[in-house]
2 protein chains.
Amino acid sequence: MNESSNQSAKQIGSHIYAHEHPESESDRGGGFTLWFTGLSGSGKTTIAHLVGPELDRRGLVVEYLDGDTVRTHLSKGLGFSKEDRDAHIERLGWVASRVTRHGGAVIVAAISPYEQARQNARAMVEEHGPFVEVYVRTSVEECARRDVNGLYAKAFAGEIKGFTGVDDPYEEPAAPEIVVDTEGVEPEESAAVVIGKLEELGLVPSEVAA
Amino acid sequence: MNESSNQSAKQIGSHIYAHEHPESESDRGGGFTLWFTGLSGSGKTTIAHLVGPELDRRGLVVEYLDGDTVRTHLSKGLGFSKEDRDAHIERLGWVASRVTRHGGAVIVAAISPYEQARQNARAMVEEHGPFVEVYVRTSVEECARRDVNGLYAKAFAGEIKGFTGVDDPYEEPAAPEIVVDTEGVEPEESAAVVIGKLEELGLVPSEVAA
């Protein structure tokens, strides 16, 4: 079966091939997904980009999936309604699950404001490896104070609508594996906390003394 | 930077982080993408589903990406215009490139009617491993004769519009690594041709005598 069948999927009774997924779903092993969630400007990307090279240095094959990349490659046309945000996160989660299956160290950095969408991503990934959720807990006030690119000012002024934390919801993670607070904390410290947790979980080899 | 910035991407001057992709793009090695293209009903999926388990048996971690799967997970809302088909193939190609990078044996089965879109997918994959294009060359007449699910009849009757090979183009691959003809040939034979080529390319370990 192929995509043409979708042109009239409802007209099709049953699949013509019995063996749709004959391949075993065995994993390569060693893969996991590190999922950073938090407001725009919270520090997700900064911390993720400190963690990534360290994992790389320790011999893991790192796959960095940020919101922008996935929107460019996979979510062109999606906007910022709840439905579109959910679809975006579902795609990110699905790709993360594929790469996790093949042994990659996936690092996702995405606002991912909805708990259910994150849970769905977790469920897909956990079929193949651990899902480590990192809540980058920076207050709206602090993010707005940083406001490097002026987005919060525009959101508060009503020039941008549907902005997470301003006029669009952010649901705090119910049970994240890691919480990092970034106010008064250097990103390097937060990255060290994340790496430490990954070591503790046995996902990353410990640093060998030089 | 994260996806919120897209809410007003044009208002943003420069990226606030210099180190956007600090992770090395080193590959795990051993990955490749086997890309089946051909008309609806040509036999792509049947052959792919014979090849997959064989690769699996020989120790590869197989990732099967068919048009349906990717449409469900990644391309909901896309239709069958040239633009939408191109976007769909771009997504497939991108995911294939990611899994190839992590050492997977990716098997894509998708009509993928446009040469340029296939070339773009090839270019993304080849950054990380070989791209082996399999043209399943079955004539429209033969596909229509098989017409297991009655789609061709509807397409010829004008009840389905934009059907590849009927009222929508299929551009033959310019330089596929493998061409299989399926008329009067058992799918098992075609699968053996594909496996043989993969062995020849050094991508699959040769069958060891029992």
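Summary of computed values
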quantity	calculated
Where rotation carries B onto A, the chain B residue whose Cβ is nearest that axis, in whole Å	B:His102, 2
Most mobile of B:Thr46, B:Thr72, B:Thr33 in a GNM of chain B (Cα contacts under 10 Å)	B:Thr72
Cleavage-rule hits, trypsin sites (Lys or Arg not before Pro), the stretch B:58-105, DSSP coil, Cβ neighbours within 10 Å at most 12	B:Lys76
Of all DSSP beta bridges in chain B, antiparallel share, percent nearest 5	0 percent
Amide H within-cut-off set for B:Tyr64, under 5 Å, with H built and near neighbours excluded	B:Ile107
Cβ-vector label at 7 Å, A:Glu115, separations to other copies in nm	5.5
Backbone N within the stretch B:171-198 under 11 Å of label point (7 Å from B:Ser139 Cα along the Cβ vector)	B:183
Whole-number percent relative contact order across chain A, with pairs defined as alpha carbons under 8 Å at least 6 apart	29 percent
Label-point separation in nm, B:Glu172 to A:Glu171, each point 7 Å along Cα→Cβ	5.4 nm
Unit charges on C-beta of K, R, D, E only; dipole of the protein assembly as shown, Debye	580 debye
Nonlocal amide H pairs with A:Asp168, under 5 Å, H built at 1.01 Å	A:Phe163
Pseudo-label separations to other copies for A:Glu183 - Cα-to-Cβ vector, 7 Å, nm	7.3
Peptide B:92-104, shielding by other chains (average Cβ, 10 Å cutoff)	5
Burial ordering of A:His128, A:His102, fewest other beta-carbon atoms within 10 Å first	A:His128, A:His102
Residue-averaged beta-carbon neighbours from other chains (10 angstrom radius) around A:45-58	3
Prolate/oblate/rounded label for chain B (Cα gyration tensor, a/c 1.5)	oblate
Globularity ratio of the protein assembly as shown, using Cα Rg and 2.2 N^0.38 Å	1.05
GNM top mover of A:Asp86, A:Asp66, A:Asp167 - chain A, alpha-carbon springs below 10 Å	A:Asp167
For the stretch B:198-203, Karplus couplings with θ = phi - 60° (6.51, -1.76, 1.60), whole Hz, Gly/Pro x	5, 5, 4, 7, x, 8
20 Å reach of a label modelled at A:Glu188, 7 Å along Cα-to-Cβ, counting backbone N of the stretch A:53-81	A:53-58
Distance between modelled label sites at A:Ser206 and A:Asp27, nm, 7 Å Cα→Cβ extension	2.4 nm
Test item: B:33-41 mean partner chain Cβ contacts at 10 Å	2
Label distances, nm, A:Pro205 versus same residue in remaining copies, Cβ-directed 7 Å point	2.3
Tensor-based shape of the stretch A:110-210 (alpha-carbon gyration tensor, a/c under 1.5 rounded, otherwise prolate or oblate)	oblate
Residue order, fewest to most beta carbons within 10 Å, for A:Ser42, B:Ser40	A:Ser42, B:Ser40
Least to most buried among A:Tyr170, A:Tyr64 (fewest other Cβ within 10 Å first)	A:Tyr170, A:Tyr64
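We did not get these values from a lab; they are worked out from the coordinates using the rules stated. Since this is a predicted model, take the numbers as computed values, not measurements. Virtual Cβ from ideal backbone geometry, glycine too; neighbours counted across all protein chains shown.
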